[in-house]
Amino acid sequence: MLKMIWKIGFLIGIVLFFFSFVCRGQTKKNWSLEDCINYAIDNNIQVKQAKLGIDLARQNLLQSKANSLPRVNANVSHSYNFGRTVDQFTNDFITQKVQSNNFSMSGSVILFNGLRNRNSIKQNRHDLLASQWDSDRMLNDITLAIANNFMQILFNQELVAISENQVALSNEQRKVTSKLVQAGTLARGSLLDVEAQLAQDELGLLELNNQLEMSYLTLMQLLDL
């Protein structure tokens, strides 16, 4: 059972280490909390979507304002007629080339449509403010999540360091106990107890390393690396 746990933990560690190595190799090797936050602001998909929402709301507001302005349309056309045709100016049949130019211009202005345009502008202005608030909230949430995960990484690093020291102490204790057993000072059962404790400490170190790699993975997901 213990060997199976070791194998599973080892495979998970290899996968996470490879993924972590690839991602870190594409960017800076050491990340500060400020680096993580700045990178997330520039690259996180949710943050980008929030910014696009602001741009869309701003364009809708501009469009609603433009809808209340007067509209002017102008058209210009120039035509040629060859062969036997009717002169549109004299109504006679002619066989020469006839040129004609047409110019037109029209305009319209909305005098009153039940305050529809005004209410539409007001609605789009509120939508823009809501989009800006949503973007700010998203930035705050992402920043808080990154800060929490960054602190979790530091905490897991400390736990791994403590566990490594414990494994080193247990290993030294195993060496000392082995010599005492060989000298006949202690029973062999004492050595088995120490070896069992060493195996437990090594398993705990493996689990803590996995937790550390998972916290790295979670941070990379927040950064969209």
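The values are calculated or read from the model by the stated rules, or taken from the named source; none is laboratory data. For clarity, every value in this text was computed on a predicted model and none was experimentally measured. Note that each Cβ is placed from the backbone with ideal geometry, even for glycine, and that neighbours are counted across all protein chains shown. Please note that ligands, DNA and RNA were not included when accessible areas were found on the heavy atoms of the full protein model with its side chains. Shrake-Rupley method; radii C 1.70, N 1.55, O 1.52, S 1.80 Å.
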Whole-percent carbon and sulfur contribution to the accessible surface of the range 112-225 (1.4 Å, no ligands, DNA or RNA) stands at 55
Using Cα positions and a limit of under 15 Å, work out the aspartates and glutamates in reach of LYS179, with same-chain residues fewer than 8 apart set aside. ASP193, GLU195
Karplus 3J(HN,Hα) series, Hz, for the range 126-143 with 6.51 cos²θ - 1.76 cosθ + 1.60 (x for Gly, Pro): 5, 4, 5, 4, 5, 5, 5, 5, 4, 5, 5, 5, 4, 4, 5, 5, 5, 4
Within the range 183-225: Cβ-based charge dipole about Cα centre, in debye rounded to nearest 20 (Lys, Arg +1; Asp, Glu -1): 160
Using the Cα gyration tensor of the range 116-213, the equivalent ellipsoid's semi-axes, largest first and to the nearest Å, work out to 63, 9, 5
